[in-house]
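Let me begin by presenting the structure, written as structure tokens, before commenting on it.
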Amino acid sequence: MFRWGILSTAKIAREQLIPAIQESDNGVLSAIASRDGAKASALAERFGAPHAFGSYEDMLASHVIDAVYIPLPTSQHVEWAVKAADAGKHVLVEKPLALHADQIAPVIAARDRNKVIVSEAFMVTYHPQWAKVRDLIADGAIGRLRYVQGAFSYYNVDPQNMRNRPELGGGALPDIGVYPAVTTRFATGAEPRRVQATVERDKTFGTDIHSSIRADFGSFELSFYLSTQLAARQMMVFHGDKGFIEVASPFNAGLYDDHRVTLHDQGHGTAQIFRFPATKQYQLQVETFARAARGETVQLFSLEESVKNQKLIDAVFRAGDTDTWESV
């Protein structure tokens, strides 16, 4: 079994990744590391991990794990991804991997010199609903794609939450703006040319809290909005000249809505619904990662894809400052 170590006791690890590892068919939770040894021991005991470490460095230096999952604050992702790769461990690092596209270069270099697998944790790319959307578009089910529309919002005004702390890499664009970007790129295989955006920052926190974005992909346009201070909502729609596709809960399937993709066929006046009720995207992610680390040929989200996605987010920030179209 593929042995996982968790670098920190973060909420997403407790609620999503550790359960996914335990439910996976090829992985086992081997170790927890925290700067607080008592926290590491408590979490290890809770989930039955045989090893607990009172420092990140000690776990990376050990021989009890094959890979490390990094759910630290965004501002620390690059540093610890490089350290983990240099320790010879495979690395799954929570999104966003970096705050700027050029920060990813050291991670790519560490991956290559150590011959390990390093991937940004975009769990949505492993959900079969997105493979279905991609296939429907490629097969011409909606004709010529002309317009993509999306939204992602939630309400969080906790000043201690890392999403509201700029020094930790907080903000709506780093946290959730990456999702409409990555799913559009994944489903279409296309890359944006330029973006236009309005970006509003919280006067107290300093983080971006509302954004409205237009991205020009050449043959179609992506338009989406984000907020960390609006009622919770997710949606993605892919609109063509012969029909359109709606993804009910595109990013947190099963939480915001059902695992459901609806194909609207204008020519026949029908709607076809595809459901994926038992899908666990985090489990699929860790299973795919482990297979890649074992040398199997699988579709894993690459660091090169991470660079492309982050370039779009970088351009949105620039466009928000200049109030003009910015090249990606």
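Where a number appears in this text, it was derived from the coordinates with a stated rule and is not lab data. This one's a predicted model, so the numbers in the text were calculated from it and none came from an experiment. We place every Cβ from the backbone using ideal geometry, glycine too, and count neighbours over all the protein chains shown.
The table that follows gives values for the structure above.
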| quantity | calculated |
| --- | --- |
| Interchain or long-range residues, amide H under 5 Å from Arg165's placed H | Gly170, Gly171 |
| Cα principal axis extents for the stretch 191-328, largest first, Å | 47, 43, 33 |
| ³J(HN,Hα) computed for each position of the stretch 68-82 - Karplus, 6.51 cos²θ - 1.76 cosθ + 1.60, integer Hz, glycine/proline x | 10, 9, 10, x, 5, x, 3, 5, 10, 4, 4, 3, 7, 5, 5 |
| Residue order, fewest to most surrounding Cβ atoms within 10 angstrom, among Thr204, Thr279 | Thr204, Thr279 |
| Amide H within-cut-off set for Asp258, under 5 Å, with H built and near neighbours excluded | none |
| Size descriptor, Kirkwood hydrodynamic radius, that averages inverse alpha-carbon separations across the stretch 71-126, Å | 11.1 Å |
| Long-range HN-HN contacts of Ser55 with modeled amide H, under 5 Å | Ser34 |
| Binned Cα-Cα distance frequencies in the stretch 1-62 - 10 Å width, integer % | 26, 59, 15, 0 |
| Whole-Hz couplings from phi, Karplus 6.51/-1.76/1.60, listed for the stretch 259-276; x for Gly and Pro | 7, 9, 10, 10, 9, 9, 9, 5, x, 9, x, 10, 10, 10, 10, 10, 10, 9 |
| Degrees between helix 178-188 axis and first principal axis of the chain (Cα, 0 to 90, nearest 10) | 60 degrees |
| Rounded to 10°, Cα long-axis angle of helix 303-322 versus longest principal axis of the chain | 60 degrees |
| Cβ-based exposure ranking for Glu326, Glu57, in which fewest neighbours within 10 Å come first | Glu57, Glu326 |
| Table column - 3J(HN,Hα) (Hz), the stretch 96-104, Karplus curve with 6.51, -1.76, 1.60, x for Gly and Pro | x, 4, 9, 9, 8, 4, 6, 6, 7 |
| Listed pairs Lys39/Lys280; Lys11/Lys308; Lys95/Lys311; Lys11/Lys95; Lys132/Lys280; Lys11/Lys39 exceeding 24 Å between Cα atoms | Lys39/Lys280; Lys11/Lys308 |
| For the stretch 2-121, radius of gyration divided by Kirkwood radius, i.e. Rg to Rh on alpha-carbons | 0.95 |
| Folded to 0 to 90 degrees: helix 37-47 orientation relative to the chain principal axis, Cα | 70 degrees |
| Mean residue ellipticity (222 nm) of the chain, computed from DSSP H runs ≥ 4 via -39,500 (n - 2.57), nearest 500 | -9000 deg cm²/dmol |
| Global geometry of the chain, whether rounded, prolate or oblate, following the gyration tensor of its Cα atoms and the 1.5 cut on a/c | prolate |
| Residues Thr183, Thr198, Thr188, sorted so that the one with the fewest Cβ neighbours within 10 Å comes first | Thr198, Thr188, Thr183 |
